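Since the structure comes first, as structure tokens, the remarks are kept for the end.
Where a number appears in this text, it was derived from the coordinates with a stated rule and is not lab data. Just so we're clear, the structure is a prediction, and the values are computed from it rather than from any experiment. Please note: Cβ atoms are built from the backbone with ideal geometry, for glycine as well, and neighbour counts cover all protein chains shown.
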Amino acid sequence: MRHLPKHIQPRWRYLGVEIETWPDASLSRGPFQRELWYAAQNLYGDAGSAAVDLTVLGFTHEGAEGETVVRARRGEVDRARAALACVTSVDGHEVGLRVRGVSGTVRACEERYLRRAARPLEERHVVFDGADRTAFVRDSTVDVVTPDGFAGATALDLPDSSPGADAASDPDPTPDREPDTVSDRESDAGSN
């Protein structure tokens, strides 16, 4: 069988996609591909989803984060993004998807948008909603285990990490610094 001439071969674009889930979710490529196809089919119908031709090429998911490369036909990137936005759960686990970027080759997509260092997931005991609970912390994101599942929070939602906690413990709250801007110098000169 002969290859198609280069000018007739289909052109592709590759979307670098970030996946975020609750910490107890475990995802794999097959169910994610199936949900992506169903989302495209529900949004565009059979002919429209075939025109977009979405395919999951690389897939990793560990802890509460993952990433994947999704292939779409050139000229159909906006429709591919819309189909990705329609994916809300995979195998009963809620997911959040973000397109980090679009590239013309798989290699460029992986180098530019994927293979970033995974944020460490730390387990802590926190006080949330008046009770001692287990929480999973990534940077400033906190996933608190509740009787109904998980609750998303930030470090500011927890009583021990409020911004005023450090200032209240400092006996002299005035900063020891030089004025940084002209307006600071003028306000400091006016107050003396």
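So for the pair GLN9, ASP78, with labels modelled 7 Å out along Cα→Cβ, what separation do we get in nm?
2.8 nm
List the trypsin sites (Lys or Arg not before Pro) within region 78-122 that DSSP assigns to loop and that have no more than 11 neighbouring Cβ atoms inside 10 Å.
Here the trypsin sites (Lys or Arg not before Pro) that fit, given the DSSP loop and packing criteria, are ARG116.
Can you give the Rg/Rh ratio of region 1-139, where Rg is from the C-alpha atoms and Rh is the Kirkwood radius?
1.07
Can you pull out the trypsin sites (Lys or Arg not before Pro) in region 1-64 whose DSSP state is coil and whose Cβ has at most 14 other Cβ atoms within 10 Å?
Passing sites in region 1-64 are ARG2, LYS6, ARG11.
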